[in-house]
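For reference, the structure discussed in these notes is given below.
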Amino acid sequence: MSAPTMTGAEPMTHRRTLEALSGLLLVLFVAMLSSTVVSTALPKIIGALNGSQTQYTWVVTATLLTATATTPIWGKLADLFNKKVLIQVAIVVFLAGSVIAGFSQTAGQLIAARAFQGIGVGGLQALVQVAIAAMIPPRERGRYNGYLGGVMAVATVGGPLLGGLIVDTSWLGWRWCFFVGVPVAAIALVLLQATLHLPTARRENVKIDYLGASLIAAGVSVLLIWISFVDGSFAWVSWQTAAMVGGAAILLALAVWVESRASEPVVPLDIVRQHTTALAILGSLAVGMAMFGGAVFLGQYFQIGRGYSPTEAGLLTIPMMAGVLLSSIIAGRLITKSGKIKPYIVAGSIILVAGFALLGTVDHETSLVLVGVAMFIVGTGVGMTMQNLVLAVQNTVSLKDIGAASSSVAFFRSLGGTIGVSVLGAILARRVSDQITHDLAAAGIPTSGSDGSSNLNITALPEGVQEIVRAAYGDATGHIFLISAAIAVVGVIAALLLRPVTLRTSLDLPDAATSTAVAADAVDGAPAFDQTSVVDTSSVADATSVADASKEPTHRR
């Protein structure tokens, strides 16, 4: 029988937990929809705005970059303030960014709007995990991760289909790809207010390490700008490369120095250094780079490389989302039943490598059956690894540190995705440009005017040039999937090095729970715990001790 979950002082039944999850799942759906609804529409959006391949990449990268930079700040705030209010604030920021993006007139404006939207996305991707961790013990969380996977799969399947339908419908237009999430987010705000009740943690002398967060964001941004322009605007060995790479290294080194001395660091180094957390971060980096970096170009492959419409491209991505849905639900229930998590993370990381290796064989003439099978395998690997890496970390820390720990993993996964999209996008742009130039010259067609801008607006090209562009994009995409497979191998190594543990059934670490000073606090009119002084961070048990502690059958205070 399932152990009851808890918020505040009263245990929650399965029904109450599902009611509380309803708003959180809708929030997650909105956040996922914001990226998936654009995925199949982006080729037409950038074509309509006369953008380039580099701008195509930065429309995605801008959101990931700001989400990455702000995720640890949101996570730290969740350890200090009311989690529900923070989620609602993140939704409002996300909504404002969506509306601004919908009114963009140039590719540059769209990139800026997506960057602002990413601030809200960073909050949502961190805070939903934190809120769930504050309600549900790790052992039971595996079961509810299946619901998370289901929502992610629905958003990821429905998003491309919806985006394709919107851009293929003349009286709607691509701007509705950004407007469509507004009513859903508004419903999520109301639902959260009615169903989600979490304890408010109040601490005096609160300090947020904005300097550390700014240094991290600046260092990563400089590095990504270098990746986007190197070997195009300037050479690998040049003063620009030395300035950007050296500057990024200095900024990131300063960020580590600041974080090591900050009283409230956004990325707590004492948590990051723990065995399980460090390996989960390494695995999340690899999964993020492979998943975001590879999957973001599938819509472009089907539309430009294969000539399908946005709606058809959305339908063709269903196998990947089916893999995510099935694997996350099945693995989640098996994890809750057994309490073991490492076997599923290891299996998922191996499957992910196999899927990307198979996708690495595709070109502009590959059978769609083979492409579909490969995408299903990739989706299966993602469903078994992504959420479970966060769960493995949450199992090792006390409740008061759950926000910082969860957001740290989400931060590095998003960082990996940002780097992956930028690196693979730059490689794709370079290979496509070289291939198009070579094939145009071989066909005796002048290359003047065939820049990145006109290549993405493929319907405006002459028929002979269209075929050359399609072949270039179709063949180059397989190459970046091979790189994704190589990156994902790092995730396999990290998974194998994880210690085998049994997920605990208590909401907090048992040792921390017994020493908690219970304080009465009103949360939406109900008494609640004050979890702010559960245990000193330095005393958090590592994965080995948690394996023994997890045998505790109930939550103790």
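The values are calculated or read from the model by the stated rules, or taken from the named source; none is laboratory data. Just so you know, these numbers come straight off a predicted model, no measurement behind them. Positions of Cβ are backbone-derived with ideal geometry, glycine not excepted, and every protein chain shown enters the neighbour counts. Calculation scope for accessible area: heavy atoms of the full protein, side chains included, ligands and nucleic acids excluded. Shrake-Rupley method; radii C 1.70, N 1.55, O 1.52, S 1.80 Å.
For the stretch 85-113, the tally of residues that are open to solvent by 10 Å² or more (accessible area, probe 1.4 Å) and part of a helix (DSSP H, G or I) stands at 14. Using the structure shown, decide if residue 69 is open to solvent by less than 30 Å² (accessible area, probe 1.4 Å), among the small types (Gly, Ala, Ser), in contact with a Leu (Cβ under 8 Å, 6 or more places away or on another chain) and part of a helix (DSSP H, G or I). Here the answer is no, as residue 69 does not meet what is asked. Considered as a group, the residues in the stretch 15-52 that are assigned to a helix (DSSP H, G or I), modelled with pLDDT of 75 or more and touching a Pro at 6+ places or on another chain (Cβ under 8 Å) include one that is nearest to residue 164 (Cα to Cα), and that residue is 37. Residue-level check: of (1) buried (at least 20 other Cβ atoms within 10 Å of the Cβ); (2) closer than 28 Å to residue 192 by Cβ; (3) in contact (Cβ under 8 Å) with a residue 60 or more places away in the chain, residue 81 misses just (1).
Of all residues assigned to the stretch 509-529, none qualifies as being surrounded by 17 or more Cβ atoms within 10 Å (Cβ to Cβ), over 30 Å from residue 337 (Cα atoms) and at pLDDT 55 or above. When we screen 354, 331 for residues that are part of a helix (DSSP H, G or I) and crowded, with 24+ Cβ neighbours inside 10 Å, the only hit is 331.
Going through (1) modelled with pLDDT of 70 or more; (2) of a type outside the set (S, T, N, Q); (3) out of contact with any Lys or Arg (no Cβ under 9 Å at 6 or more places or on another chain) one by one, residue 174 falls short only on (3).
Would you confirm, using the coordinates I've provided, whether residue 274 is at pLDDT 85 or above and either among the polar types (S, T, N, Q) or in contact with a His (Cβ under 7 Å, 6 or more places away or on another chain) (or both)? Walk me through it before giving the result.
Details: at pLDDT 85 or above: no; either among the polar types (S, T, N, Q) or in contact with a His (Cβ under 7 Å, 6 or more places away or on another chain) (or both): yes.
For residue 274, the condition - at pLDDT 85 or above and either among the polar types (S, T, N, Q) or in contact with a His (Cβ under 7 Å, 6 or more places away or on another chain) (or both) - is not met.
Here 233, 221, 260 are screened, and the one residue that is of a type in the set (Ser, Thr, Tyr) and modelled with pLDDT of 80 or more is 260. Scan the stretch 114-133 for residues that are β-branched (Val, Ile, Thr) and open to solvent by 10 Å² or more (accessible area, probe 1.4 Å) and the total you get is 2.
Consider the stretch 466-498 and keep the residues that are buried (at least 21 other Cβ atoms within 10 Å of the Cβ) and more than 28 Å from the chain's Cα centre (by Cα). The one that is farthest from residue 42 (Cα to Cα) is 468.
Among the residues making up the stretch 257-277, those that are under 30 Å from residue 346 (Cβ atoms), buried (at least 16 other Cβ atoms within 10 Å of the Cβ) and out of contact with any Pro (no Cβ under 7 Å at 6 or more places or on another chain) are 268, 271, 272, 274, 276, 277. The single condition from (1) crowded, with 24+ Cβ neighbours inside 10 Å; (2) in contact with a Leu (Cβ under 7 Å, 6 or more places away or on another chain); (3) at pLDDT 80 or above that residue 301 fails is (2).
Look at (1) open to solvent by less than 20 Å² (accessible area, probe 1.4 Å); (2) under 17 Å from the mean Cα position of the chain (by Cα) and you find that residue 384 fails only one, number (1). Please determine whether any residue of the stretch 344-354 is within 22 Å of residue 154 (Cβ to Cβ), within 22 Å of the chain's Cα centre (by Cα) and β-branched (Val, Ile, Thr). Yes. Once the stretch 358-374 is narrowed to residues that are in contact (Cβ under 8 Å) with a residue 40 or more places away in the chain and farther than 14 Å from residue 302 by Cβ, the residue that is surrounded by the fewest Cβ atoms within 10 Å (Cβ to Cβ) is 361. Residue 96 meets each of the listed conditions (1) under 17 Å from residue 159 (Cα atoms); (2) modelled with pLDDT of 80 or more apart from (1). Kindly indicate whether residue 448 is at pLDDT below 85 and part of a loop (DSSP other than H, G, I, E, B). Spelling it out, residue 448 is indeed at pLDDT below 85 and part of a loop (DSSP other than H, G, I, E, B).
Among all residue pairs at least 6 apart or on different chains, which show Cβ distances below 7 Å where the first residue, located in the stretch 15-39, is more than 24 Å from residue 297 (Cβ to Cβ) and open to solvent by 30 Å² or more (accessible area, probe 1.4 Å) and the second is of a type in the set (S, T, N, Q) and assigned to a helix (DSSP H, G or I)? Note: pairs meeting the criteria are 19/195; 22/195.
Considering only the stretch 227-251, how many residues are open to solvent by less than 40 Å² (accessible area, probe 1.4 Å) and either among the aromatic types (Phe, Trp, Tyr) or not in a helix (DSSP H, G or I) (or both)? Residues that pass the stated criteria total 3.
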